[in-house]
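Just below is one structure, and these are the notes that go with it.
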Amino acid sequence: MTTSARSRPSSLDRSDTFYIDGGWQQPSTTASFDVIEPTTEELYFRAAAATAEDMDRAVTAARRAFDAGSWPKLSHKERADYLRAIGQRLHERRSEVASVWTSEVGILIGVAEAIAAGFGGTYAYYADLAEDFPFVERHTPTAGGEIGLLAREPVGVVGAIVPWNAPMSEIGWKLAPALLAGCTMVVKSAPEAPGSSYLLAEICDEVGLPPGVVNFVTADREVSELLVRDPRIDKISFTGSTAAGRRIASLCGERIARATLELGGKSAAIVLDDYDIATAAEVISQTSRVLTGQVCAALTRIIVGRDRHDDLVEALSSSFAKVRLGNPFEEGTEMGPLVSERQLHRVLGYIPQGRSSGASLVTGGGRAEEFERGYFVQPTVFAGVDNSSAIAQEEIFGPVLSVIPVDSEAEAVAVANDTIYGLNATVFSDDVDRALQVARLIRSGTVGHNAVRNDFGIAFGGFKQSGVGREGGQEGLRPYLEAKTIVLDGVPRSI
């Protein structure tokens, strides 16, 4: 049985339309994207491709809903009721969410199901903030007047551009805080994986969100750029590559549009000399093959003392060599395919670059030839890597590890910081105080101890060219709010 035969939800029956202005609308043309299952290389479904006219309709609907609609005028608690309803329905349909995710991207179904079980919680979390987040703060004025207020109001209309690797998750961390704030939104899905948007649009329709509050389209880069350029869009929230983020930042800068950018990473794992090599290798091996390494926060630069380098390489290679590749829907599979043929060629293109830089290819380094179909790549380990080489500096977005030897703890920190990125890192040490000391020296938005610890309940985002702003937690709500100072000559009855 093919994956599509057992996993296609009814929401994909609407994939020839867009959800705009509270209804399913026909696109302006018959253009479409083929969504290919990476395991079988077969067609999963076709999704309508937005044109400039379609994007204009979506932006118009969102702008009207913000300027003339009821949504921004509701109380935060009233908007929270909608969030809870979305979260509840998302939880009820978590199996469908996981199945679509696996079919489109190739993530292991067990991993997808475990993660999808928490998607509804994102909306519940932000709904709870309606009770105690300081949307209006009282201050003593310093320039006259009797009372000062700091009011946090919705930023306006938001264009959300989400990636293909974890679309439902990324939509949630944008949509939930934006809706609580009182914003309206256009969600632009990636052509490789638009299925989550159709499912979520169906849920938004079921819970009765007012027309135009959330609009969903799928578009290529050219049409997506129209969303970024549109003066009716007050803010862009983007998750994707650093290269695309640079372009978006420059376009937003031209008109001083607000922007949150969650971009690429080349995350470091520092294995200090007091930590067990075998344990570190197993943690790194397991986390680096999640979603076949197509995760911006993946640990791909492994930094270790020179005297322990060979032992760590041997442990990593042994673990990687045992990884069972296969159909992500089948029990026992430990790593699925890459998302597309293009991504497969990208990953494999780095192998000769690694060799030419002087690094030693120890494990993997090629396409998994045991499969007649599918974009399967061997998990790969390079040893003796120079941190200035392409495989150590560029985001490969696949299961390719670079092990980098250093001569001291200070050099380990310097190497970890010698990158344009600063999204995630991990320090392996049995000494928590030593781990904290090293963590504070690493220029990264998140630093975990002995594991990958990306915590959206606190905040997630990057230093340097890994992004601007944060998602998750209260920090993820603030970018959807503008601060307004109000100074009054008397105390109003409403506060």
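Readers should treat all values here as calculations from the given coordinates under stated rules, not as data from a laboratory. All values reported here derive from a predicted model rather than from experimental measurement. For neighbour counting, all protein chains shown are included, and Cβ atoms are generated from backbone atoms with ideal geometry for every residue, glycine included.
A few notes on this one:
- For segment 238-278, taking Cα atoms only, Rg and Dmax work out to 17.2, 52 Å respectively.
- All Cα pairs of segment 267-455, percent lying beyond 27 Å: 22
- Above-threshold pairs, the threshold being 19 Å between Cα atoms, out of 174/266; 174/235; 188/235; 235/484: 174/266
- Stokes-Einstein D (µm²/s) once Rh is taken as the Kirkwood radius of segment 4-57 over alpha-carbon pairs, at 37 °C in 0.692 mPa s: 268
- Neighbour-limited loop hits for trypsin sites (Lys or Arg not before Pro), segment 292-383 (at most 16 other Cβ within 10 Å; DSSP other than H, G, I, E, B): 322, 324, 373
- Among 248, 203, the ranking by other beta carbons within 10 Å of each residue's beta carbon, starting with the fewest, stands as 203, 248.
- For residue 322, a cut-off of 22 angstrom between C-alpha atoms picks up no lysines at all, skipping any fewer than 8 places away in its own chain.
- Max-minus-min Cα coordinates of segment 403-495 on each principal axis give 66, 28, 21 Å, with the largest extent listed first.
- The orientation-averaged shadow of the Cα convex hull for segment 19-102, equal to a quarter of the hull surface, comes to 7.4 nm².
- On the principal axes of its alpha-carbon atoms, segment 300-383 has extents of 41, 28, 18 Å, going from largest to smallest.
- When the Cα atoms of the chain are aligned to their principal axes, the ranges along those axes come out at 70, 59, 39 Å in descending order.
- When the convex hull of its Cα atoms is projected in every direction, mean area for segment 223-348 (nm²): 10.9
- Order by protection proxy (mean Cβ within 10 Å, highest first), peptides 416-427, 272-283: 416-427, 272-283
- A helix-only calculation puts the chain at -11500 deg cm²/dmol for mean residue ellipticity at 222 nm, using -39500 (n - 2.57) for each DSSP H run of at least four residues, averaged over all residues.
- Sorting the segments 26-32, 206-212 by their residues' average number of neighbouring beta-carbon atoms within 10 angstrom, most packed first, yields 206-212, 26-32.
- Just so you know, the Rg over Rh for segment 66-189 is 1.10, from Cα atoms, with Rh as the Kirkwood radius.
- A cut-off of 5 Å between modelled amide H atoms, ignoring neighbours fewer than 5 places along the same chain, links residue 260 with 236, 237, 238.
- Distant-in-sequence amide contacts of residue 377, defined by a placed amide H-H separation under 5 Å and a gap of 5 or more residues or a different chain, comprise 338, 368.
- The Rg/Rh ratio of segment 172-221, with Rg taken over Cα atoms and Rh as the Kirkwood radius over Cα pairs, comes to 0.96.
- FRET efficiency, residue 346 to residue 111 (Cβ-Cβ, R0 30 Å, nearest 0.05): 0.85
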